[in-house]
1. Using 5 Å bins from zero, what percent of all Cα-Cα pairs in the range 44-126 falls into each bin?
2. In Å and whole numbers, how far do the C-alpha atoms of the range 109-196 stretch along each principal axis, longest first?
3. Exposure proxy check: 209, 126 ranked by fewest other beta carbons within 10 Å?
4. Measuring from a point 7 Å past the Cα of residue 70 along Cα-to-C-beta, which residues in the range 36-51 have an amide N at less than 15 Å?
5. The range 36-59 to the range 87-138: how many Å between their Cα centroids?
6. For the chain, taking Cα atoms only, what is the radius of gyration to one decimal and the Dmax to the nearest whole Å?
7. Considering only the other residues whose Cβ falls under 11 Å of the Cβ of residue 102, what net charge follows from Lys and Arg at +1 and Asp and Glu at -1?
8. Any chance you could list P(r) for the range 30-91, counting all Cα-Cα pairs in 10 angstrom bins from zero, rounded to whole %?
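What follows is calculated from the coordinates using simple rules that are stated; it is not laboratory data. All figures in this text were calculated on a predicted structure; none of them were measured in a lab. No Cβ is skipped: glycine too gets one built from the backbone with ideal geometry, and neighbour counts run over all protein chains shown.
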Amino acid sequence: MIGFRSWADNAFRRAMEANVENIVALFERGSADSALLDLGCDDGAMTARFGAAVGTENLHGIEIVEERAQLASARGVEVRIHDLRDPLPYDDDSFDVVCSNQVIEHLPDTDRFVAETFRVLRPGGYTICSTENLASWHNVAALVLGWQPFSLSNVSAKLSGVGNPLAVHRAEPYCFSSWEHMRVFAYRGLKELYLAHGFRVEALVGAGYFPLPAGLGRKEPRHAALLTVKARRP
C-alpha cells in the first residue's frame, strides 16, 4: 500500500504539472494593463505565473481562506476575501481574463459560478477553467469496483477518502471544509455547461492519464485525469 501511494502521489504530481502547462499555453498575450481575475487564487503563486503568460501585472483574485489571501496580496495580487458561492464582488465587464484551477468542483452552484464569470468578463474576453474529470479511467475503474470515484471521495469531514480504500489522502485530516468536492464534470458536461451560459468554447484539453504516462491525456482528453476548458464571451 505504501508503494502504491508513493506511485499515486508521483503520478498525480505529474498530471498536475501537465495540467498547469495546458493552462499556461491557453493564455493569450495581452497588453500590460489587461485585467486578470483568478477565482480561488490561494497564495497567488499560480496567479503570478498566469499573469506572466498574459503579460500583465494587473492581477486580481478571490480567496476564501484569509491567511492564503494575505500571501497572495504580498505577491502583488489585489485580493478580495470572498465566498465563491455568492455573486462576485465586481461590476459587469470588469476583466479581460477570468481563470480558475481546481475550483469549480468545490461549488454547489456551478450555474452561478459560470454565469458570474460571464458577467464580469468584457465582451471578447475569455475564461480558462480547469477541473478533475469524472470520466477519467481511474474514476471509471473505481465505479466498476463499486467504490466512490477518486474525484468524489472527499465528501465527508469525518473521513477523507470515504468509500475508496486507495484514495491518495484517505484518513488524512481536513484543513478546510472548502476542500470538499460537490460536482465533478466529464468532457461533454463541462463543454455544454459553458455553452449553455452563452460562451463560445474554443478549446477543451486534458492532462494526466492514470495509470499511463501523463502526456497521453493531451492526445485523448475524454478520459484524462484533468480537463481544462477555454471559453470566450462573444
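1. Bins of 5 Å from zero give 3, 14, 23, 27, 23, 8, 1 percent of pairs.
2. Extents along the principal axes: 46, 29, 16 Å.
3. In order of increasing Cβ crowding within 10 Å: 126, 209.
4. 43-44
5. Result: 14 Å between the Cα centres.
6. For the chain, the Cα radius of gyration and maximum Cα-Cα distance read 17.3, 51 Å.
7. Cβ neighbours under 11 Å give a net charge of -3.
8. 27, 52, 21, 0
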